[in-house]
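Trainee: Got a structure for you, questions after.
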Amino acid sequence: MTLIPSTTWRMLTARKVTHELPKGIDAAWDMVTGFGMRRMRRRETFLERAKLVLALEPKYSGLADPNLRAAAHEMKDIFRTGRDTPDILHHAMAIVREVAWRQLGMRPYHVQVAGALALEAGCIAEMATGEGKTLTATMPATIGGWRGRGCHVITVNDYLARRDAEWNAKIYKFCGLSVAPIDAEMKPPERRNAYAADITYCTNKEVCADFLRDRLTLGRMKDLPSALLRKILFGAGTDRLVMRGLHYAIVDEADSVLIDEAVTPLIISGDAPNNEQVDAYQQAATLAVEFQPFLDYTVEQRYREITLTEKGEDKLDALATPLGGIWIGARRAEELIIQGITARTFYQLGKQYVIDDGKVVIVDEFTGRLMPDRTWREGLHQAIEAKEKLKVNPPKDTYARVSFQRFFRLYRKLCGMTGTATEATRELWQIYHMPVVVIPTHKPCIRTNPPDRIFTTETYKYAAIVAEIERVHALGQPLLVGTRSVRASEYLSELLKARGLPHQVLNAVRHAEEAQIVAGAGAMAKITVATNMAGRGTDIKLARGVAELGGLHVIACERHESQRIDRQLFGRAGRQGDPGIAQAFISLEDELLTRHAPRLAPLAKRRYGDGPGDITSPLLHNLFERAQKRAQRTALQQRKGVLRNDDWLDESLGFAGSET
């Protein structure tokens, strides 16, 4: 039977996204529409429909393997020819559910089926950590594969892409589908074969880069029909392409991929040697030391902007004139010195970047991972290289670029899953027209979240953290301590060593054994210090006897600029109905306050003094909440700016809609 009429089914499905962000009256109408879409009772509908899928279990559990395989192949024919209905969809998911049980020994729960239905409807499914998102994705991925136009399952790193493809391959092959992963080391022929598979597991960076490379390969004939015509007429044009189109994508850790990483566009560039520019960056690093804050320049912490004062401009003129060359131009000289000052003021070793093999390597502030293939733009990377007295590499010429926002909007059908999406509900609708559906947990969450503990200085805060770690460790509970930077994790590690507390550190520098470290973090009396846990993709399972001690104890050393990131860390405790505790230790010197509430933080510090005690109060909690909301608004405006810049380049340079 069909649970809902087709008109309602279309309303539950996300609308197709338009090319540009709406403006004026269109934006107002879109906001009203989004509000109405968010008010729809999607969760209840998907949970009810999931019951219908579970009710079909007796029909398929009694089939022998050959008959079940035949039923799966029949579904493949139905979806390939577009004859599916909501009722057919229920049967399809019931078949995949049974296949998962026979091939992997795991039968998706009621809530996992509801999550799969939400994904199939083009929504973002918020599912708590440990609720089995990887298994949930196999149901819509199988259906996407059956449709015959390719299904991309987007993960956050190559390890997870390969792991998930291998784990789920038995399900897909039983259902008559091919599956392949893509990693950074693959050559074009291997990539072409992987994209030709029915289901392709890949990272956002790899699929986006392959898209750009294909656009460059097409050259002046920017659209595929023209390329195919050229192939027919001249026998060339498409043999070097690796992708077959952007039809359907299921995005894991959707908030990280679609929001957090949306600020930085992906760029394909080439070498552009320029010795004069290299010398200028080195000179700028030397001159930047001469400029004093407040006297020669002002600092806007919130936006990380430097502005020269009148005295600073006079000093620059006096210092730059003897240098000649590039420094003759006042505008260019100002850009160079501002980048030099910016590199010294806002970018710190062990926080925004590390030095690996004599090179500056960016650290992803959301995941704590190294990003060796990325560089900062507009000379900032060179300014940091010069500051660290490393070899300065010349800036590169840009061949092609696209933001992740714009790229993912090109998919005909897009959906995603994550443990934290509620806070970004409006943005996900505004940018991608995807509603968020919060799927309940399979078992009630019994994690406790004591109020944040607040201290005047970072020194007192870390002393309290070490004392708390020592107390909990003595009880035998495992601890996961989350830090915001490599430097903070190393600093805490030194404090723990001084107290004789055995521990493991997981950060951008020590990432080789990441999965093993995370998986073992639930062992008795284990202490794990880790940078941001977003997108780790590995469950922390409690060892025997740990639940009786209170479960995993999570400590956050700072509040992040996004509440979602805090929730991702806290979500590591209390998975699948396990006990657990999560608490944040914060101070008035934390970056969240100094950057987003720079005037209020000193006032609060004067009010509460410099004592070592806990100064937790409702007023200070409110101060941190206000700073976090301000940070989230700033980040949203930056992401919209990136997308508008893409649109402006598209219009100004005369590119077609899908050819950034």
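Trainee: What are the residues in region 615-644 that are under 20 Å from the mean Cα position of the chain (by Cα) and either part of a loop (DSSP other than H, G, I, E, B) or free of Cβ contacts under 8 Å to residues at least 24 places away in the same chain (or both), if any?
Mentor: Within region 615-644, Lys629, Arg633, Gln637, Gly641 meet the criteria.
Trainee: Out of the residues in region 578-614 meeting the condition of being part of a strand (DSSP E or B) and of a type in the set (A, V, I, L, M, F, W, C), tell me which one is farthest from Asp452 (Cα to Cα). I'd like the intermediate steps shown before the answer.
Mentor: So the first thing to find is which residues in region 578-614 are part of a strand (DSSP E or B), and the list is 580-587.
If we keep only those that are of a type in the set (A, V, I, L, M, F, W, C) too, we end up with 581-582, 584-586.
Numbers: Ile581: 12, Ala582: 9, Ala584: 5, Phe585: 6, Ile586: 7 Å.
This residue is Ile581.
Trainee: Continuing with this model, one more query. Do the conditions hold for Ala50, that is, is it over 17 Å from Asn168 (Cβ atoms) and not β-branched (Val, Ile, Thr)?
Mentor: Numbers: over 17 Å from Asn168 (Cβ atoms): yes; not β-branched (Val, Ile, Thr): yes.
Spelling it out, Ala50 is indeed over 17 Å from Asn168 (Cβ atoms) and not β-branched (Val, Ile, Thr).
Trainee: At least 2 residues that are surrounded by fewer than 24 Cβ atoms within 10 Å (Cβ to Cβ), free of Cβ contacts under 8 Å to residues at least 60 places away in the same chain and not aromatic (Phe, Trp, Tyr) in each: list the helices (runs of 4 or more DSSP H) lying fully within region 91-192 that qualify. Please lay out each step first, then the result.
Mentor: Values: elements: 110-120, 133-146, 158-174.
Correct list: 158-174.
Results for (1) out of contact with any helix residue (DSSP H, G or I) (no Cβ under 6 Å at 6 or more places or on another chain); (2) assigned by TED's automatic domain parsing to the domain that holds Glu57; (3) at pLDDT 95 or above; (4) of a type outside the set (A, V, I, L, M), shown as yes or no for each residue.
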| position | (1), (2), (3), (4) |
| --- | --- |
| His90 | no, yes, yes, yes |
| Val96 | no, yes, yes, no |
| Arg102 | yes, yes, yes, yes |
| Thr136 | no, yes, yes, yes |
| Thr142 | no, yes, yes, yes |
| Val153 | no, yes, yes, no |
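Trainee: Given the conditions (1) within 39 Å of the chain's Cα centre (by Cα); (2) more than 30 Å from Ser485 (Cβ to Cβ); (3) acidic (Asp, Glu), report the number of the one that Glu313 does not fulfil.
Mentor: Against the list (1) within 39 Å of the chain's Cα centre (by Cα); (2) more than 30 Å from Ser485 (Cβ to Cβ); (3) acidic (Asp, Glu), Glu313 comes up short only on (1).
Trainee: Here's another thing I want to ask about it. List the pairs whose first member sits in region 382-401 and is closer than 28 Å to Leu216 by Cα and part of a strand (DSSP E or B), whose second member is modelled with pLDDT under 95 and of a type in the set (Gly, Ala, Ser), and whose Cβ atoms are under 8 Å apart, counting only residues at least 6 apart or on separate chains?
Mentor: Here the result reads Asp397/Ser269; Asp397/Gly270; Asp397/Ala272; Thr398/Ser269; Tyr399/Ser269; Tyr399/Gly270, each pair linking region 382-401 to a residue that is modelled with pLDDT under 95 and of a type in the set (Gly, Ala, Ser).
Trainee: While we're on this one: Which members of region 331-381 meet the condition of being outside any loop (DSSP other than H, G, I, E, B), of a type in the set (D, E, K, R) and within 23 Å of Asp271 (Cβ to Cβ)? Before the answer, list the steps.
Mentor: The first filter runs over region 331-381 and keeps only residues outside any loop (DSSP other than H, G, I, E, B), leaving 331-346, 349, 353-356, 359-363, 370-371, 380-381.
Add one more test, that the residue is of a type in the set (D, E, K, R), and what stays is 331-332, 334-335, 344, 356, 359.
Those that are outside any loop (DSSP other than H, G, I, E, B), of a type in the set (D, E, K, R) and within 23 Å of Asp271 (Cβ to Cβ): Arg332, Glu335, Asp356, Lys359.
Trainee: Which one is nearest to Glu423 (Cα to Cα), of the residues in region 247-275 that are in contact with a helix residue (DSSP H, G or I) (Cβ under 6 Å, 6 or more places away or on another chain), of a type outside the set (A, V, I, L, M) and at pLDDT 85 or above?
Mentor: So, considering only residues that are in contact with a helix residue (DSSP H, G or I) (Cβ under 6 Å, 6 or more places away or on another chain), of a type outside the set (A, V, I, L, M) and at pLDDT 85 or above, the one nearest to Glu423 (Cα to Cα) is Asp255.
Trainee: Can you pull out every residue in region 316-327 that is closer than 15 Å to Thr286 by Cα and under 42 Å from the mean Cα position of the chain (by Cα)?
Mentor: Leu316, Ala320, Trp327
Trainee: Search region 438-477 for residues being in contact (Cβ under 8 Å) with a residue 12 or more places away in the chain and basic (Lys, Arg), and hand back the single one that is surrounded by the fewest Cβ atoms within 10 Å (Cβ to Cβ).
Mentor: Lys443
The values are calculated or read from the model by the stated rules, or taken from the named source; none is laboratory data. If you're wondering where the values come from, they're calculated on a predicted model, not measured in any experiment. Using ideal geometry, Cβ is built from the backbone for each residue, glycine included, and neighbour counts are taken over all protein chains shown.
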